[in-house]
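Here's the structure, in structure tokens; my notes come after.
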């Protein structure tokens with residue numbers, strides 16, 4: 001999986017570099033380069049779901065359509081578009097759909113997650129795992145962390161009920177985590 005992600009990232013990077021090098025006419029980047037760069041920006045942003053935002057560029061004018069959860073998300077998408085070199089203006093027709101992220105997560109449960117969701121989940125997992133490893137009262141090497149959306153699941157064996165509770169609190173106090181499924185098992189002395 002990591003090899004596939006690394007290959008995809010390399011291809012995307014090379015594609016963007018090639019578009020940048022060959023896509024400029026008299027100093028103005030071509031529409032394809034603008035669209036590609038903007039879609040990559042959305043894919044790497046943890047607050048936006050790039051698969052819910054449609055991007056089209058014509059003569060430097062970016063048209064955004066699709067769904068976002070909040071006004072803040074809509075404004076963020078527009079401001080990011082305005083920041084791309086060569087963008088003349090932005091027509092922001094994103095509509096508010098408060099459950100957009102949750103519907104996307106529900107649709108991907110048990111299936112392959114969109115790249116943007118996968119990146120967010122991997123980031124949260126790494127943050128939780130780092131906290132568990134850094135805390136001297138938890139054995140982070142024996143705790144498995146899995147993230148789906150804003151839900152973190154902890155599995156493995158711990159030495160005490162206190163360590164189990166501490167691991168849950170460390171996970172709960174990380175980033176955008178809304179729920180922790182604590183499936184840790186206290187190892188019996190024996």
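Some notes on this structure:
- Within the stretch 155-190, the set of residues being within 13 Å of residue 131 (Cβ to Cβ) and within 20 Å of the chain's Cα centre (by Cα) comprises 171, 172, 173, 174, 175, 177, 180.
- Take the conditions (1) closer than 26 Å to residue 122 by Cβ; (2) free of Cβ contacts under 8 Å to residues at least 40 places away in the same chain; residue 53 misses just one of them, which is (2).
- Test result for residue 37, on the phi < 0 side of the Ramachandran plot and at pLDDT 90 or above: no
- Residue check for residue 48: at pLDDT 85 or above, surrounded by 13 or more Cβ atoms within 10 Å (Cβ to Cβ) and closer than 30 Å to residue 178 by Cβ: no
- Of the residues screened, residue 78 is one that is under 20 Å from the mean Cα position of the chain (by Cα) and modelled with pLDDT of 90 or more.
- Qualifying positions in the stretch 129-178 - part of a strand (DSSP E or B) and at positive phi: 156
The values are calculated or read from the model by the stated rules, or taken from the named source; none is laboratory data. No experiment lies behind these values; they were computed from the predicted model shown. Don't worry about glycine lacking a Cβ; one is built from the backbone with ideal geometry, like all the others, and counts go over all protein chains shown.
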